[in-house]
Structure formats: C-alpha cells, structure tokens
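See below for the structure under consideration.
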Amino acid sequence: MRTISRTDRSRDAVRCTTMTESGPYNYSYIFKYIIIGDMGVGKSCLLHQFTEKKFMSDCPHTIGVEFGTRIIEVAGQKIKLQIWDTAGQERFRAVTRSYYRGAAGALMVYDVTRRSTYNHLSSWLTDARNLTNPNTVIFLIGNKSDLEAQREVPYEEAKQFADENGLMFLECSAKTGDRVEDAFLETARKIYQNIQDGNLDLNAAESGVQHKPQTQNTLLGNIQDKKESCNC
Amino acid sequence: MESASSSSSLDSEGNQHRHDCGRVWNGMSMDARYIPALRRLVPPDHRAVGCVRCMISRGRKRTPQVCVLVEHMQEHCVLICAEEGALPNATLKSDSRFPINVDFRIDIEPVSTVGGSRVITANLSYKRKKLIFEADYDDTADRFVKEISKAFENSKYRNTPASDYLWVEVYKNNSKFFLDVNPEDEDDLGEENKASRECMVKCLMQEREDEFTVLNEFRIFTGTWNVNGMAPPESLSEWLASSAPNEPPDVYAIGFQELDLSKEAFVFADSPREKEWLLKVKESLHPKGRYKEIKTVRLIGMMLSVFVEEKHAPFVANVDCNSLGTGILGMMGNKGGVGVRLDLHSTSICFVNCHLAAHAEERERRNQDFNDIRNKLSFNQMRPAKSVSEHDQIYWMGDMNYRLQDTTKQHVEQACANNDFSSLWERDQLRDQQAKRIIFIGFEEGPLNFKPTYKYDVGTNQWDTSEKARVPAYCDRVLWRGNNIRQLCYKSHDNFVISDHKPVLAEFSSGIRVVDAVKRKEIYQELMKQLDKEENDFMPQVTVDEHYLNFGRVHFYERVQRSFKITNTGPVIVRFLFKEQPKGRRYAKDWLKADPHNGTLKKGESCDITLEILVDPASASKLNMGEEKMSEVLVLHLVDGKDIFISVDMEYQHSCFGCSLEALVRHMTPIGLLPQETLIALETDPVKNAELGVPFETPTELWIIMDALQRKGLSGGNIFGKSGSQVEIQTVREALDTKRPDGQLDVSVHAVAECLLLFLSALREPVIPYCFFKKCLDSSVTYTQAKSVIQELPKVHRDTFRYLVLFLQELLQKSKRLEVNILATIFSAVMIRPPQDGQMTPSKERMRSVFLYHFLVNHCEV
C-alpha cells in the first residue's frame, strides 16, 4: 500500500517547482484560487472576463477543471494568480472536491437571478471550509448583476449571509465586466494582507501561496521600470 | 571553394523553383549553403541579396544566427534569422527585422583580430532596436556588410517615398514569444518557451516606445575651447550665455582642452585650474536658467562638464563618465578624450570632448586617436557597459586639430575677408576624412560659417604672425549623431583673446523622448494583458468528442468497450494522462480500464481512447451488493493544463457470481430474476430472508456446473487447459442467473470449467472463509491439522469444500493427464483467498496448495 497523503503532497510540490522554475520571474508570489458554485452561475465567464477581458456569450458547461493565469500587482508586488475553474455539475461534486486543497482563495459564485443557486451556497461553503485551510479567503460573488429585472436575490440578503459567515462579498457582471476585477483583486489583497500579518505559513503546502524572491536583474535596472507601478 | 561548387549544383534547382519561390541572387555576398533555405523563406516577389552566418549580440545575449538581406521594390530589409535543422536542409525563421530606411543605422567597425581569426563587426540599429553583428572575415561577409551599407546609402537618395515596410510582415512569425513547437523534439521546449517574461516586457515596451513617448524640444548647448593653459577671463557669458535672452539652454556640455599645462596636472589628479574654470563657467551660464552640475570629468588638460536646468534634473538618470588617453604610449592624457553619458527622460545622450594629435602632417594619427576613443571609450558603470556609439544622441566636440590643407594663409585670410567660408571647407582635413568614411561615420556637422579658430596670437585677433606663420584651421569643432537633432547655431567668439584658439559653440534643438506616464501605463498594462493572454492561449488544449459514456447493462465477466476521441486543438504538444483518484487510488474503479491510459498528441493529432468495463470476480460482489457505485468520473489531465472529466455509467446486472454460499443455498429463484433489493436483503441476513426453510447443502448453481461437467465428460484431457470464449461464458452465466437449466449447456467443457473457477473466486466469502485464511496456512503441514481446520468451518462451507474435494478426486481418477499438484494449485487459489489483495507470497501460495493437496491424495474424511 502506498503512503497516501505524503505521495500526494510531494507530487504537488514537484509540480509547483517545475512550473515555476522557468527562468527569472517578474512576480513574487503565486496564489492559487478556485472558483466554485452551481452550474450555470457564470464561473467560467468570470475567469474568462478576468483573464481575457472578454465575455464568452455561448460558454459551454465546464466538464472538468479549466485553468487560467494572470499577473496582477498588489502593494507593489507582482503576483501570479493561478485560477482553477471547476465544473459546477452536481455529479462532479465528489471529484471537484479534490481541487480545493491548497487554494489561497475561493471564489464562491451564485447567480442573482436564480435563487436556487443562492440556496445551495451553504453546501458550497461547507465544502470550502472543510477542504481548505482556515486562512483561505472565501469571497462570495453574486454574478449577473446586469440582469436587474430578473433579480431573485436581493443584494442586502446576500450581504447579510456574507457578514454572518465572515465572507467578503460583492456583486458583479461577467457580461459587462463590472467589478469582476475587484473580486479577484480584493481577494488577492486580503491574501497578501494575511501574509503581511503573518497569518499564512508560506511553507505549508496547503497555504496556496508560493513565494518567489524577485530576481534582481541589474541588466534591467532601468529607473523607469523600477518606478513602474500599475496600481490596478 | 566550397561555396563555388555548391552554388553551381544549385543553379539548376533554382531554375526549377523560379516561379514559386523568392528570387535568390547567388552573388558574392551569399553563403550558398543557405540557398535552399532562402528559397523557402523568401516569397516570390522578394529577392534575397545576401546571407551570412554570424553572431548576433543583443545586450548580453550572444547567439549564432543567420543574417539575410532582402529586397523588394528597391527597398531593403535585414532579417535576423534562427537556423533550424542541419545544413543543407536547414530552415530559416526570421526573429527580427531591420528595415533599411531613415530609422536604420549601420556602423561598420574596422576589422579586428580575435583569437587569431579576423572578425568583421557592425552595429545595426533600427529605431530603438540595436544589435551587434559579428562574422568571420571573408569575402562573403565583407561584401554582405557592404551591401547593407550600400542599401542604406541608397535609401537616402530614393526618388520615391519610403513605404511603410509592410512587405516585411511576411517574415514575422505568428508569435514572438513562443517558438513554433516542433513535436519531434519535445525536449527543446525548454529555454525559449520559458524566456524571461520581464525581458520580454522590457523589449516589447522598447519597441512601442513611440506610442508612449512624445518628442520634446530641448535646447542643448555645446561649447569647446582650447584655453592654452590660461586662467579664465573675467566672464565667459559672451560665449556661454549667447543664446536668446529668454531661451536658456536646457542642457550645457562644455569642453576644454589644455586647461592645465602645468607639470602637476600630468602627475597629480588635482588641478587648481579645474576649480577656477568650473567656477567661472557656472557664473557665466545663461542668467535665466538655474543649472545643476550633472558631471564633470577631467583627464589632465581635457575637461567636460555637463549641466542641466534644475527642472530637468529629476529626469536625468544613469549618469556615467570615463576618459581615454591616446597620448604618449596611449596612456598619457595629453591627448585623448573624455565622455559623459546620461539618460534624459528616455533618450540616451553621450557627450565627448577630445583633443586629437596636433600638427598638420599628423592626420593619420588624429584618425587613429578618433577611432580609439570611439571604440574604446566606454561607460563601465552601466550594465552592460555602454560604448559611445550605443547612444541615441552623440555630441562630439573638441580640439580635433584637423587642418586646412593645400592652401595658404593668404588664401584663408582672403576667403574670410569675403565671408567665403565654403571655399575653405573643401580643404578641411576632417571633412575630407569623414567623406572617405575613415572618421565620424554617421556624424553630421553644420556649416562652418565662422573664421578658423586657430591659430591666433595670444591677446589679439590676429592669426599666427610668428615665423611659422601657420595656416589657420578649423581645429575646434562640434559634430553630432542621432535623430531629431537640429542645429540652431554654430559659431566662434573672437573676443576671447587669452588663448591661441577661439571658443566655439554649437546649440541644438534636440528631440528628447519624454515618457507620457499615463500612456506608458496604458501600454504596459496592455502588454501585460497580452502576455497573460498568450500564456493562457499557449496552454495545452484538447477537445473530446464524448464527455459521457453510458455502457448500459453490463453482466458479470462481460467485456464491454466504448471509445471517445481526444484531439489536440491547441498550439502546443499535449501530454495527457488519467489522473489518479484522491488518496492515491487508481484512476478508476477496478472494473474500468482506459487504453491508452496516457499519451502524447502532436498539434492537430487525435487519438481514440477505449474504455473497457470488465466486472471480474474481485468486483462482482461489491456491485451485487450495491456497495460500489456503478458510475465513475475519470479525470483526463493535460500536463501543465486543465482537467477534463469523462463520466462513465453502467447498469450492472447482479448475478449469482459474487454471492455468498449462505445466500445461494437459501433461495430457489434464479439470482438474476430476483430484484436487487431482495438479493441485498438475502445477503445481509440469509437466515431471516431465506426462501427455503431448509437450505440446500451446496448451492444449486455449483451443482449445475458440476453436473454439466460430468455430462460433458471429465476424461477428455485437462479440462482447465483452455479458457472458454466470451460468448460461452456468458451463456453459462445467463443459464445460471435466469433459468434452471436441464444441464444441456451448449458450450465446451472448458467454458464450464472456467465458470467453475470464476464462480469460486467470485464468492463473496471464499470456500475457506477469510477469517480461516491464516489458520489454514498454518495448518498445511499435515493432513490431520488440515482436517481439523475444515471441521471448524461453517456447515455450508464445510459441505461445499467436501463436495469440491470429492469432485476433484473423481476428476483425478478420470483424467489421467491431470496432475494432482496442478489441480491443488488451481483450486487452492480460488478456494483459499487472502482477506486483502497483495498479501500473497510464493511461500503462502505453496502452503495453501499443500493444504488442499492433502485432501486430494487422502481419503476425504470431512
């Protein structure tokens, strides 16, 4: 019999190293995110809007786990977000649970025009709490805020749910792009804050954060570049 | 030699391809080995003029590449190409292009000798892109460089306007960042693919600099004066503050020569004159400006000071200076040059002040001095060190000492009196040598509309009245190189009489690239986005034609296959595999198998993956009992990419295979005809849910199998020697599960025999129950011990054991070809099974075989 958990972890660790051992980086951290929530709430569209700044109008259901990256900047630090977009279908629930481990941020999405997706949040939240580490930032996102006429979940109600459960919360629209950036960036800021506050043990495989000391490259030591800050 | 022979053989081929390939001019600037590659690279309406293999340096990076000069409608472009594959079948891919137009520059360095071989070097630049070309010196390389030079010269005299060079677009690859992956050599994916993103961003930003910078006009004042070792006069304002009263220069660069002729200046680094003059300069700068001294550098008598208006000081960066002596022994600083470099906003500027060898006849020496300074003066604090020529703008001033030749003092005086200065220019050595491309290549100079500045009698405005009566000369000059520089004035000042030279000034209106911070941020973010997108786009992508495979009804030991197609639709090679389930479990339940289970797909390639279900004895009981779900989600993982879920459903038909003896002996209805819930209830509590008040001794199914074997005859050789066909086994299974057969099974004896073994190995609890496994092995030494274990078994197990032993004894009697050892091994393996897989060892196998052996060779007494 194999030594189960250890094999798993070391395999992950190896994979992380090979992924990041690719020459000098221009980012200091890698944060792993997962996006969870019922089928059809727009998880993949959020990811697409965030990475490509485009709305996918006929996005097929995700049957599996999609993967996207983007480099952002928080407090002058470049951070690479590694985002795992999971299938929302109930039948995959058991499988997608295995992707929660090691996430630094969990974006839990519901559809403001479909109450059922909101009602299922507690079950998603249970998974997120049980399967991630205590410092994982869980961000509640009400998607499709552009469809005001069809709204079934009032903002205040969801806000209250978020407050009661200690979640960060906003409503956004993957279609118009409204506040999509905020959702991803505020999560990163919170994670970064946790690092600064010493709440996150970067050495733990489960932290979902990898630290990459920025390579000092004097060759590129152009003053202008050092001044570069995108404050996005 | 080699090129001559290969070129002739290629000529005939060339004719063949004339119509579908670009024209390749097999001239003297062409490395003929590349002709086949060029035919593939160059489109029909272009012409390859030359091609050489070379080393290309960009900053610190030095790579072997192939440089190609192409022509289209009298426009030329230099292509820097990567060579893939080996000659003569190499392929060229252009990774950067240098259109030869107004933005292009070429500087050819004198041929140098490196490690015994001669090397030809040229600096190429196009806008902000710069590189150094080096090739082994031979006729081809020499001619190639000259062709570029010629193309550049010709580009200046075009009578048609230059195009936007859209024609070079065809050489662009689809992506600058990721090499087209050659599936044959996966290992080469490494370096280039993972090229530093930071480098890329910087490089791309530089390419787009035009978009986020604006040219601001800066007034740059340059002055040069050979002061003959004198103390400064009362004021220098007339010289230094001669610009328009309300237009103070933004930058001053003031050069002196012979600032200090004292012996001390040669020996000590410190010179009192330096301070005196510097102070005087500061006092005399334009009164409307407030200046900050950026740098002063001095080498004995040569001093260069750079000042900028205070408001520009925050935008000055990377200031560095150096000096180079070319005097006695090439070390002493009585002749040579000093330089200051700086970045003003994002334009790099280099000021050089020099003092070249004196005397009319020392022209060659001056040329040498100039080229030494140009090639050897470098700014070493920069990383990498920058040479003079690596600057956007160069202002070169000094006492160059070039004389007027083939003329007389009288003629010069006459010309000056008539303001006919231009007649003097053609006699000027500097202009002559520059025209011959020996010095100041690429530099410009304004018209010398002033009197020669040398040599005056000190204290007067009279030219040399000494016995030597030297011919006056334009010793003191300012030249420049770079784009967007306009000279505003170029003159001398006669009123300074302390020296035998007059001070000269040149004022410029220069376009300095000023970064528009907002625009830059926009473009920076755009680039980051683009790179993010590329990174996402370049992840492995596949499509699968089925995400869901329903196998429908599946029976015990029935092989069912379904397949789906996976196609690599992405831009890179894909490696896929079925990911292990969490906690290190196999990628799927035991009854499901994928073939292939991992693999590699080239771009556009497809692969059929077959999923096969086979419920074997090990899985049968769990599925019978509903303990294992009849569905599965396979995770198809792309290495470095996403996961795809493949769902599998089946409906397992429960069967007597996989039941327990206790259940089987208590029912009449065929198992297959029972609802699954009834079966589960029967299995869970056989006594309570029994159909029969009095159970059978042994399962009916077993009896049917034995009966069939008896009927088919046991004497026909080894009945376990062959396996039955799929169909036959299903026939037997169907018979056992659905109807009470009359023993007329229309299958071979081998199929029935195999079913016996399957039946025994599928039993939920083996004939020797799991909890007796260890005891059984421990008691295998003697028959007596073995018998005592059997006595302890539950009745149905004991009865079944005895029934099987009696059958096997009969079999041994009837079939002389069956060996008792073999039979013991076969049957012990299905009757005496370990509680968990993987607990078997050869010695345990031997022990359980011995255990059964005792019963086969002795009179059965249980």
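Quick note: the coordinates plus some simple rules give every number you see, no bench work behind them. As the structure is a prediction and not an experimental result, all values here were calculated from the model. Quick reminder, even Gly has a Cβ in these numbers, built from the backbone with ideal geometry, and neighbours come from all protein chains shown.
Taking only the alpha carbons of the protein assembly as shown, we obtain Rg and Dmax values of 44.5, 149 Å in that order. Rounded to whole numbers, the Karplus 3J(HN,Hα) couplings from phi for the range A:179-190 are 6, 5, 4, 4, 4, 6, 6, 5, 4, 4, 4, 5 Hz, using 6.51 cos²θ - 1.76 cosθ + 1.60 with θ = phi - 60°, and x at Gly and Pro.
For chain B, leaving out every one of the chymotrypsin sites (Phe, Trp or Tyr not before Pro) that falls in a DSSP loop and has at most 13 other Cβ atoms within 10 Å, the longest unbroken run is B:269-862. Amide hydrogen proximity for A:Leu107: with H placed 1.01 Å from N in the peptide plane, the residues at 5 or more positions away or on another chain lying under 5 Å are A:Ile34, A:Ile35, A:Ile36, A:Phe139. For the range B:141-151, the Karplus equation 6.51 cos²θ - 1.76 cosθ + 1.60, evaluated at θ = phi - 60°, returns couplings of 4, 4, 5, 4, 5, 5, 4, 5, 4, 5, 4 Hz by residue, with Gly and Pro reported as x. In this Cβ point-charge picture (+1 for Lys and Arg, -1 for Asp and Glu), the range B:542-652 has a dipole of about 280 debye about its Cα centre. Computed from the Cα positions only, the extents of chain B along the three principal axes stand at 146, 64, 46 Å, in decreasing order.
Kirkwood Rh over Cα pairs of the range A:25-221 into Stokes-Einstein at 37 °C, 0.692 mPa s: D in µm²/s? For the chosen part, D equals 193 µm²/s. How many angstrom lie between the Cα centre of the range B:469-496 and the Cα centre of the range B:84-135? Value for the Cα centre distance between the two parts: 34 Å. Bridges between two residues of the protein assembly as shown, per DSSP, are antiparallel at a rate of about 75%.
Here the range B:762-825 and the range B:607-642 have alpha carbon centers that stand 34 Å from each other. The Cβ shell under 14 Å around B:Asp476 holds other residues with a net charge of +1, Lys and Arg each +1, Asp and Glu each -1.
Can you give the translational diffusion coefficient of the range B:766-862 in µm²/s, computed by Stokes-Einstein from the Kirkwood radius over Cα pairs at 10 °C and 1.306 mPa s? My calculation gives 120 µm²/s for D.
A cut-off of 5 Å between modelled amide H atoms, ignoring neighbours fewer than 5 places along the same chain, links B:Arg403 with B:Gln429, B:Leu430. Over the C-alpha atoms of the range B:542-652, the Rg to Rh ratio, Rh being the Kirkwood estimate, stands at 1.00. Each residue, B:Thr738 and B:Lys156, gets one label point 7 Å from its Cα in the Cβ direction; the gap between the two is 9.7 nm.
The dipole here belongs to the range B:344-500: it is taken about the Cα centre, uses +1 on the Cβ of Lys and Arg and -1 on the Cβ of Asp and Glu, and is about 500 debye. Within straight-line reach of B:Lys774, meaning a Cα separation under 20 Å, sit the following aspartates and glutamates at least 8 residues removed in sequence or on another chain: B:Glu765, B:Glu792, B:Asp837, B:Glu845. Only lysines eight or more places from B:Lys282 in sequence, or on another chain, were considered; those with a Cα closer than 30 Å are B:Lys263, B:Lys292, B:Lys295, B:Lys311, B:Lys335, B:Lys386, B:Lys451, B:Lys455, B:Lys491, B:Lys502.
For B:Lys722, a cut-off of 19 angstrom between C-alpha atoms picks up these lysines, skipping any fewer than 8 places away in its own chain: B:Lys712, B:Lys814, B:Lys816. For the protein assembly as shown, a simple Cβ point-charge model (Lys and Arg +1, Asp and Glu -1, everything else neutral) yields a dipole of about 1440 debye relative to the Cα centre. Amide H contacts for A:Glu171 (H built 1.01 Å from N in the peptide plane; partners 5 or more residues away or on another chain; cut-off under 5 Å): A:Gly142. P(r) tail for the range B:40-95: Cα pairs beyond 13 Å make up 62% of the total. By the compact-protein rule of thumb, 2.2 N^0.38 Å, the alpha-carbon radius of gyration of the range B:617-726 corresponds to a ratio of 1.49. Summary of the geometry: the range B:656-684 and the range B:521-537, compared by the centres of their Cα atoms, lie 65 Å apart.
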